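*Asks:* Sharing a structure here in structure tokens format.
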Amino acid sequence: MAQIAAFRGILYDTAQAGPADKLLAPPYDVISPSERDKLASLDPHNCVRLILPEGEGDEKYARAARLLDAWLAEGVMRRDARPALYRYHQTYTYSGGAEGKTTTRKGFICRIRLARFDEGVVLPHERTLAGPKADRLKLMRATRSHLSQVFGLYSDSARATDGPFERVEREAPVLEGTTLDGVTQRLWRLTDETAQRQVISILADKKIYIADGHHRYETMLALRDELRKETHSPRSSIEYGTIFLANMDDPGLLVFPTHRVVHGLAGFDRALMLEQARAFFTVEDGPKPEAAIVRARLSEKGKLAPTFAVATADKLAYLTLRRDVDLERVPSLKGPEVLRTLDVTLLHALLIEQILGIDRAAQEKQTNLRYVKDTAQALAQAGEPGVQAVFVMNPTPVAHVKAVADAGEVMPQKSTFFYPKLASGLVLNPLVPSEDV
């Protein structure tokens, strides 16, 4: 199953570079242009300059490579002398469900032998988009590095993987800082080879489920295939990707929904949409309440049957799957039973594709569909000019993510939002074809 390995990562030397608060950044795909400017202004060495480099066309990728080389030459970043597994804690406060509760999500960063999805070792749960993969491939190719991690999950109900890290967790972190999202990021090195072997052994019979970073993983595979011509060893570093692994049984694991905003659709008619939806759903229509009420009502209804809401400027309707509907007659829902139990799959198959006519090609191009994560923002956007409807979702449970992946199926893109996002700039994974793992 999963083959993981310690590695000699590239880390910031905070004695040279300054505090980690000013160096780390969110993943590239959640950074707006204004946020990029803010991050870049924090410090000349903020990693946003690597993951979202400046420049026109392909020149920006070469610029990132030159910048990384310069930081290594200056000692701002250094490659570790000994292979390590990197213990990673993210401490955050979430007020959406448990007011003021502070939680720590735990996991570790390692290398993992790259495997195609059809090999059944690393499993996806979402469809991907072509554009981001082309961009990330050019950046990885230029820098010869994995600049950030894929987010993976494994099942360990006994939480046996926590034990080997207990000793290093009692020491001072090698990197610690609070990022702009208010999350405290802490990193330790586990260099003890006996403890490393314990972790590697525990993971040896596990499947890995991608929680976030499907595009990055597929890009790592593509670059591996490109670089194979430069090596003759099956243990070359190019055969491995870098991944953050978290236990799906960790109580610090939190999943948010991602809401759908429909815009620019010719001939959109709310009343007609709801009338057609009644073939599959019971519809409870009324005025649009505040976000907290919507979240609570969706959660309550979602415990009984798949449910989502559709908001417009001043109205909101809850759509709950009818018990008498034969979903196996819907072509896009044929297959494993789990597909017919997921809110997001039913929304896309029955409403977005069948009733509204937004096919998968249009979804990939985001022609008539965009995404927003915050419920209050989603409801506010329902009243903006050009917005025709906003579908408000419950979060997808981790158990459903696992079930979909185990069934060999995928959900629509942006079906999950694991919170908090991993910080970029913690550990870089250098790709050296002549270097064996």
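Read-outs throughout are calculated quantities, based only on the coordinates presented, and are distinct from any laboratory measurement. Values in this document were obtained by computation on a predicted structure and should not be read as measured data. No Cβ is skipped: glycine too gets one built from the backbone with ideal geometry, and neighbour counts run over all protein chains shown.
*Asks:* Going by how many other Cβ atoms sit within 10 Å of their own, how do Leu304, Leu203, Leu72 line up, fewest first?
*Replies:* Leu304, Leu72, Leu203
*Asks:* Now, a different point. Could you tell me how many degrees, from 0 to 90 and to the nearest 10, lie between the Cα long axis of helix 33-42 and the main elongation axis, the longest principal axis, of the Cα atoms of the chain?
*Replies:* Tilt of helix 33-42: around 30 degrees.
*Asks:* While we're looking at this one, here's another question. For the range 258-394, what class follows from the C-alpha gyration tensor (a ≥ b ≥ c being the square roots of its eigenvalues): rounded when a/c is under 1.5, otherwise prolate if a/b is larger than b/c, else oblate?
*Replies:* oblate
*Asks:* Related question: Once phi is turned into ³J(HN,Hα) by the Karplus curve 6.51 cos²θ - 1.76 cosθ + 1.60 with θ = phi - 60°, what whole-Hz value does each residue of the range 232-241 show in order, with x for glycine and proline?
*Replies:* In residue order, the calculated couplings are 10, 10, x, 9, 4, 4, 6, 7, 10, x Hz.
*Asks:* First select every other residue whose beta carbon is under 11 angstrom from the beta carbon of Thr282; then total the charges, Lys and Arg +1, Asp and Glu -1.
*Replies:* Here the count lands on +1.
*Asks:* Further question on the same structure: For Asp21, Asp343, what ranking results if the residue with the fewest other Cβ atoms within 10 Å of its Cβ goes first?
*Replies:* Values: Asp21 16, Asp343 25.
By the 10 Å Cβ count, ascending, the order reads Asp21, Asp343.
*Asks:* So how tilted is helix 59-74 from the main axis of the chain? Cα-based, degrees 0 to 90, rounded to 10.
*Replies:* 40 degrees
*Asks:* Right, another one. Defining a contact as two alpha carbons under 8 Å apart and six or more residues distant in sequence, what relative contact order in percent does the range 258-394 show?
*Replies:* 45 percent
*Asks:* For Ser32, Ser237, what ranking results if the residue with the fewest other Cβ atoms within 10 Å of its Cβ goes first?
*Replies:* The most exposed by this proxy come first: Ser32, Ser237.
*Asks:* Does anyone have the angle between helix 193-203 and the longest principal axis of the chain? Alpha-carbon axes, 0 to 90°, nearest 10?
*Replies:* Taking the Cα atoms of the chain, the angle to 193-203 is about 20 degrees.
*Asks:* How long are the semi-axes of the equivalent ellipsoid of the range 336-437, defined as square roots of 5 times the Cα gyration tensor eigenvalues? Whole Å, largest first.
*Replies:* Three semi-axes, in Å: 31, 20, 15.
*Asks:* Starting at 0 and stepping by 10 Å, how many percent of the alpha carbon pairs of the chain end up in each bin?
*Replies:* 4, 20, 30, 25, 15, 5, 0
*Asks:* Going down the table (Lys60/Lys365; Lys207/Lys373; Lys288/Lys414; Lys334/Lys402; Lys101/Lys315), which pairs top 30 Å between alpha carbons?
*Replies:* Table pairs above 30 Å Cα-Cα are Lys101/Lys315.
*Asks:* Would you work out the relative contact order for the chain, in percent, from Cα pairs under 8 angstrom that are 6 or more residues apart?
*Replies:* Here the relative contact order equals 25 percent.
*Asks:* With a point put 7 Å past each Cα toward its Cβ, work out how far Arg323 is from Glu275 in nm, to one decimal.
*Replies:* Placing both labels 7 Å along Cα→Cβ, they lie 2.9 nm apart.
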